[in-house]
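Down below is the structure, laid out as structure tokens.
The values are calculated or read from the model by the stated rules, or taken from the named source; none is laboratory data. Predicted model only: the values in this text are computed from it and were never measured. With ideal geometry, Cβ positions are generated from the backbone for all residues, glycine too; neighbour counts draw on all protein chains shown.
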Amino acid sequence: MKTVVITGASSGIGLETARLLARLGYNVLGIGRSEANCNKAKELILSENTNAKVEYFLADLMQQREVNRVSEKINAYLNERCNGELHALINNAGCVRSWYMTTYEGYEQQFALNHLAGFLLTYKLLPALKKAQGRVIMTGSDSHKGIKVHWNDVMLRHRYNPLTAYKQSKLCNLLFAKGLNDRFASDGIRAYVVDPGLVNTDIGNKDTGFLVNLIWKIRKKHGVSPDVPAKTYAYLCEVKDVPDGLYFYLCKEKNYSKEVTKENADRLFELSERLCDIQYGKVGMT
């Protein structure tokens, strides 16, 4: 039985992907920050299939100490029950903010959760991914187009715009995936980004101000059900001949921004390593 870890798995796209992969026979390890929502999600999956293999772990992935803590628990689980193998890591957890807010480490929250959390979690689970020649899948957005990384002020401290911060974090998802492929494709690991399209979820209604909350309530009504993009995550987990593409929408490869270059990917990788105080080249040695 193949094991998959899904962040943001207690609602929205993450939950629907967990439900689908559980039905397909995967051992699903979900991560969520609300104990009540995680319990409801697990109960729902088991109500659909009493034989489903599903466990949930609590963590606020916006905080790096929480990523470190939960990754230790997941690695222990993988070593004890899954031969230390992880078939896929789906970095789906994300947020939208209305104003400049920081994490415990002092990092802008959208950059911290939408990018750095997945960057650090992938590092922590890399040995298990290598052992299984696994896949890393990020939840992206077409909004990554038409933006550049603000290298001189990546946290946008001086001129904060929440939409710019969100778009930049989604560009980082693609740059991170490219950086992973450049470094670890030779180990059998492949990284992808899924564009879920406009989806009817509550991402824009969580911890946002009145205006963003109102706009998202109106906009999400035009979105598809989360079970639609869930099929693309399942496709990337299931397909035996690993696709060469990077960016997928409705199970098909899609064009992405010209900003996704090796130069930018390497620059982001090095910056993210510093911000997380890790070195991918020394994984397993720390």
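Structural remarks
- Note on the range 152-195: residues that are of a type in the set (A, V, I, L, M, F, W, C), closer than 13 Å to Ser257 by Cα and outside any helix (DSSP H, G or I) amount to 1.
- All positions within the range 46-63 that are within 28 Å of Thr102 (Cα to Cα), of a type in the set (A, V, I, L, M, F, W, C) and surrounded by fewer than 21 Cβ atoms within 10 Å (Cβ to Cβ): Phe57, Leu58
- Selection status of Lys178, charged (D, E, K, R), in contact with a Ser or Thr (Cβ under 9 Å, 6 or more places away or on another chain) and at pLDDT 90 or above: yes
- Criterion violated by Leu58 - all others in (1) among the hydrophobic types (A, V, I, L, M, F, W, C); (2) without any contact (Cβ under 8 Å) to a residue 12 or more places away in the chain; (3) in contact with an Asp or Glu (Cβ under 9 Å, 6 or more places away or on another chain) satisfied: (2)
- Verdict on Gly94 being within 24 Å of Lys167 (Cα to Cα) and modelled with pLDDT under 95: yes
- Residue within the range 105-124 that is surrounded by fewer than 24 Cβ atoms within 10 Å (Cβ to Cβ), at pLDDT below 95, among the hydroxyl-bearing types (Ser, Thr, Tyr) and not in a helix (DSSP H, G or I) present: no
Matching residues to (1) in contact (Cβ under 8 Å) with a residue 60 or more places away in the chain; (2) assigned to a strand (DSSP E or B); (3) of a type in the set (Gly, Ala, Ser):
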site: Val5; (1), (2), (3): yes, yes, no
site: Ser10; (1), (2), (3): no, no, yes
site: Thr17; (1), (2), (3): yes, no, no
site: Leu20; (1), (2), (3): yes, no, no
site: Ala41; (1), (2), (3): no, no, yes
site: Ile45; (1), (2), (3): no, no, no
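- Scope the range 26-83; condition of a type in the set (Asp, Glu) and under 26 Å from Tyr107 (Cβ atoms); matching residues: Glu35, Asp60, Glu66, Glu72
- Against the test of being among the acidic types (Asp, Glu) and surrounded by 14 or more Cβ atoms within 10 Å (Cβ to Cβ), the options Glu66, Glu43, Glu35 yield a single qualifying residue, Glu66.
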